[in-house]
1. Can you pull out the residues in the range 74-89 that are modelled with pLDDT of 95 or more and either within 13 Å of residue 112 (Cβ to Cβ) or out of contact with any strand residue (DSSP E or B) (no Cβ under 6 Å at 6 or more places or on another chain) (or both)?
2. Return the residues of the range 30-41 that are surrounded by 20 or more Cβ atoms within 10 Å (Cβ to Cβ) and assigned to a loop (DSSP other than H, G, I, E, B); say none if nothing qualifies.
3. Among the listed residues 45, 85, 64, which satisfies the condition of being touching a residue at least 12 places away in the same chain (Cβ under 8 Å), within 12 Å of the chain's Cα centre (by Cα), surrounded by 14 or more Cβ atoms within 10 Å (Cβ to Cβ) and farther than 19 Å from residue 121 by Cβ?
4. State whether one or more residues within the range 113-123 are in a loop (DSSP other than H, G, I, E, B), modelled with pLDDT of 95 or more, within 22 Å of residue 26 (Cα to Cα) and touching a strand residue (DSSP E or B) at 6+ places or on another chain (Cβ under 9 Å).
5. Scan the range 42-56 for residues that are within 24 Å of residue 8 (Cα to Cα) and not in a strand (DSSP E or B) and jot them down.
6. Residue 55 fails exactly one of the following numbered conditions: (1) surrounded by 10 or more Cβ atoms within 10 Å (Cβ to Cβ); (2) within 15 Å of residue 118 (Cα to Cα); (3) over 13 Å from the mean Cα position of the chain (by Cα). What is the number of that condition?
7. Pick out the one residue from 75, 69 that is assigned to a strand (DSSP E or B) and over 12 Å from the mean Cα position of the chain (by Cα).
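The values are calculated or read from the model by the stated rules, or taken from the named source; none is laboratory data. Note that this is a predicted model, so its numbers are computed, not measured. Virtual Cβ from ideal backbone geometry, glycine too; neighbours counted across all protein chains shown.
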């Protein structure tokens, strides 16, 4: 696991200060390679490429985590919005948010995750 001093300024801002990277700028928003997306801080496996879909939002979007035990969901009412925050359960990194506007045939969830918080372990 990386300590906070080892994090890039962008990763620190998003993961520790609950920021957001700009849409359509992250490494993985339009990535179609197969593999497992892991937490960029602690390496915990979070999302499989098998559940990734193009949401048109500019962030990597997934229908579900690879293992529900690896993420925590918290209510987030910041900035006058009601959202559900997604955190890495192992290290507490803010990953993004989950919304109820995902593909209906896949459960209807859209886990909207910041690329900077992920590392793709290619198959």
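1. Of everything in the range 74-89, those that are modelled with pLDDT of 95 or more and either within 13 Å of residue 112 (Cβ to Cβ) or out of contact with any strand residue (DSSP E or B) (no Cβ under 6 Å at 6 or more places or on another chain) (or both) turn out to be 84, 85, 86.
2. 40, 41, listed by residue number.
3. The match here is 85.
4. There is at least one residue in the range 113-123 that is in a loop (DSSP other than H, G, I, E, B), modelled with pLDDT of 95 or more, within 22 Å of residue 26 (Cα to Cα) and touching a strand residue (DSSP E or B) at 6+ places or on another chain (Cβ under 9 Å).
5. Hits for the range 42-56 are 42, 43, 44.
6. The one condition residue 55 does not meet is (2).
7. 75
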